[in-house]
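Here is the structure we will look at, set down as structure tokens.
The values are calculated or read from the model by the stated rules, or taken from the named source; none is laboratory data. It should be emphasised that the depicted structure is a prediction, and the values quoted were computed from it without experimental measurement. So basically every Cβ, Gly included, is an ideal-geometry build from the backbone, and we count neighbours across all protein chains shown.
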Amino acid sequence: MEILKDHASLAATLLGIASVGFALLLVAGPIVGDLDGDSDVNTDDLNQLLAALGQQVAAGDPRDLDGDGVITVLDGRQLANLCTLPLCVRPTAATPTPTSIPEDQDPANPGPTPAITPASVAPDS
């Protein structure tokens, strides 16, 4: 049983999971490409990267996604592939969403079901 416990601890360590008794706690790390720290990758992060194009940077700089020491369009391409939002754009109040379709215009909602009342049911003959 001790061997299984050691393997579970190793697996938890490798996966970034801390086990406490029978409960598991996921430990979230930073999001790769989230340069502004707002928990998503979008055009704001891409703009930060593009503002640094051509700069030589120290090892480990989060903008240098390919690790070559220079911020290039290749880093920008990698960051664009990491976008966490549709079209890499932060939603705004003007961005339409499926829930903003008026109920009477939604093809998936044909309208209320007519109520059946005793007066609308023909008597059996």
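Here L46 meets the list (1) aliphatic (A, V, I, L, M); (2) at pLDDT 65 or above; (3) surrounded by fewer than 15 Cβ atoms within 10 Å (Cβ to Cβ) almost entirely, failing just condition (3). Residue check: is A58 aliphatic (A, V, I, L, M), modelled with pLDDT of 95 or more and either farther than 15 Å from D36 by Cβ or touching a Pro at 6+ places or on another chain (Cβ under 9 Å) (or both)? It is true that A58 is aliphatic (A, V, I, L, M), modelled with pLDDT of 95 or more and either farther than 15 Å from D36 by Cβ or touching a Pro at 6+ places or on another chain (Cβ under 9 Å) (or both).
Hey, does region 17-30 have a residue that's at pLDDT 95 or above and touching a strand residue (DSSP E or B) at 6+ places or on another chain (Cβ under 7 Å)? Please lay out each step first, then the result.
Quick first cut of region 17-30, residues at pLDDT 95 or above only: none.
Checked against the condition, which is being at pLDDT 95 or above and touching a strand residue (DSSP E or B) at 6+ places or on another chain (Cβ under 7 Å), region 17-30 yields no hits at all.
Cβ-Cβ contacts under 6 Å between residues 6 or more apart (or on different chains), taken from a first residue in region 67-95 that is on the phi > 0 side of the Ramachandran plot and modelled with pLDDT of 95 or more to a second residue that is exposed (fewer than 15 other Cβ atoms within 10 Å of the Cβ) and not in a loop (DSSP other than H, G, I, E, B), are listed as G69/Q56. The residues in region 26-81 that are within 19 Å of the chain's Cα centre (by Cα) and acidic (D, E) can be counted, and the count is 6. V70 passes every criterion in (1) exposed (fewer than 11 other Cβ atoms within 10 Å of the Cβ); (2) over 19 Å from I31 (Cα atoms) apart from (1).
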